[in-house]
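First comes the structure, then the notes that go with it.
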Amino acid sequence: MNKSSIYIVAILLMLSFNSFSQKPFTITGRISGLKDSTKVWFLCGDVLPGQETMVLNGKFTFKGNISEPAYASIFTRPSWAYDNGMLIKDYQNFFLESGQTTIIGTTIAEAEITGGPTQTEFNQSGLNIVSEWGYDVALPYMWGYYNDKALFSKLEPIKEIRTKKVNDVKIAYIKSHPDSYVSLYWLGTMASKQGFDPYNPLFKVISLRMQNSRDGKELTRILKSAKDLAVGKYAIDFKQADTAGKIVTLNDFKGKYVLIDFWASWCAPCRAESPNLVKAYKNYKSRNFDIISISLDAKKNEWMNAIHKDNYTWTNLSDLKFRQNAIALAWGVTSVPRNYLLDPNGKIIAMDLRGEELAAKLKEIIK
């Protein structure tokens, strides 16, 4: 049986830590279909990847603190797989806030999740169902991109149609619910995936209360960063430690074509791109081309293991601060993988090059 699994990290990478207004939360799960000792993973904002618990008697619990309602994911690993034409999912997204959240069902994917007012709104909005309708095509489409070009080509037009319909529903919801954490979240996700410029006017629809919330202020900063780091703009300098602890700056690479690659060991789409990066580096490293990979990892051993396993022989940087990586924050990076191609003068000439797109662009510009 040919099976490929990709871990989903279905959260927006834009939450910042506020220790002065943290309140406790508890997540209690009762999933009858999970065997004892099954690992369950929980991700939300600043919760580090790798936080997990074990199922015992069909139950599991997570506890922590949170300051404002935030989008979260609960899943087993792998969270989804595409197997012999079947999409297999065992994850669900929800809004977490202080107090009690309960997850009850036979599987995580089909469980009923109840919690605070924001989760109640999310359940009533139907937006999670709409999003899953999009994922039913988008996830096999992603799998096909790396594993089955015929499937990828077949699903590409369908995926585009569904994405537009899903976004139309979300935009309508945002306009009719401007004072909502649900609206604020969906605005951020759409902008991070499709570019921030088209969504700047929609941000003005969001209420002042939401704009002044922690996540609203963070989205404002991200929108500005994205505008400042668009194609045709000059990249801002940065400095960070490499694997040996040596401080490296972007200015050290002036005069070269440079691919700035944001990734993480826990990001399966990032890891799937690794062979393309290795091939590009091998073909062009002697022709004035280099790569700087910036990891959003939190654990050095996981970062280093991924570097060695994927054969990243170029410069690798990280401050091991997970989603609070200083360069990612400065560059407004809200999701990975994300990359920027710079010319020898430091001007951004392309973004988010994947697979054959990277090879084609390098062939075009490096003679």
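The values are calculated or read from the model by the stated rules, or taken from the named source; none is laboratory data. Here the structure is a predicted model, which is why all the values come from computation and not from measurement. Note: ideal-geometry Cβ built from the backbone for every residue, glycine included; neighbour counts use all protein chains shown. Heads up: the accessible areas ignore ligands, DNA and RNA and are worked out on the full protein's heavy atoms, side chains in. Shrake-Rupley method; radii C 1.70, N 1.55, O 1.52, S 1.80 Å.
Asn345: net charge of surrounding residues, Cβ under 14 Å, Lys/Arg +1, Asp/Glu -1, itself excluded? Walk me through the numbers on the way to the answer.
Details: positive: Lys233, Lys254, Lys256, Lys347; negative: Asp237, Asp343.
Net of charged neighbours comes to +2.
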Residue order for Glu52, Glu121, Glu273 - accessible surface, 1.4 angstrom probe, largest first:
Glu52, Glu121, Glu273
With a 1.4 Å probe and every protein chain left in place, tell me how much accessible area Trp303 has, in Å² to the nearest 10.
0
Cβ under 10 Å from Leu155's Cβ, Leu155 left aside: what net charge do those residues give with Lys, Arg +1 and Asp, Glu -1?
0
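Pairs Lys159/Lys309; Lys233/Lys300; Lys170/Lys224: which exceed 30 Å Cα-Cα?
Checking Cα-Cα distances, Lys159/Lys309; Lys233/Lys300 exceed 30 Å.
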Of the options Leu187, Ser295, Asn200, report the single residue whose Cα projects farthest towards the positive end of the charge dipole of the chain (beta-carbon charges: Lys, Arg +1; Asp, Glu -1).
Ser295
Among all helices in the chain defined by DSSP H, which have a length of 24 Å or more along the axis from Cα atoms plus a Kyte-Doolittle mean of at least -1.0?
127-147, 149-176, 268-284
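Report the Rg/Rh value for the chain, based on alpha-carbon coordinates and the Kirkwood definition of Rh. Could you put the intermediate results ahead of the total?
Numbers: Rg = 20.6 Å, Rh = 21.6 Å.
My calculation of the ratio gives 0.95.
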Run the dipole for the chain about the Cα centre, Lys and Arg Cβ at +1, Asp and Glu Cβ at -1, nothing else charged, and hand back the magnitude in debye, nearest 20.
660
Could you give me D for region 67-197, from Stokes-Einstein at 10 °C and 1.306 mPa s, where the hydrodynamic radius is the Kirkwood radius over C-alpha pairs? Units µm² s⁻¹, please.
99
In the chain, what % of DSSP beta bridges are antiparallel (nearest 5)?
75
Helix-derived mean residue ellipticity, 222 nm - over the chain, DSSP H n ≥ 4, -39500 (n - 2.57), to 500
-12000 deg cm²/dmol
Under the Karplus relation 6.51 cos²θ - 1.76 cosθ + 1.60, θ = phi - 60°, what is the ordered set of whole-Hz ³J(HN,Hα) values for region 62-67, x standing for Gly and Pro?
10, 9, x, 10, 8, 9
Computed over the Cα atoms of region 312-360, what is the ratio Rg over Rh, Rh following Kirkwood?
0.99
Sequence-separation-based contact order of region 213-332, relative, with Cα cut under 8 Å and 6+ spacing, percent
30
Phe94 accessible area, assembled protein chains, probe 1.4 Å, Å²
0
Taking the Cα atoms of region 174-224, report the difference between the largest and smallest coordinate on each principal axis, in whole Å and largest first.
23, 21, 16
If you rank Glu110, Glu218, Glu160, Glu302 by how much accessible surface each has, with a 1.4 Å probe, what is the order from largest down?
Glu110, Glu160, Glu302, Glu218
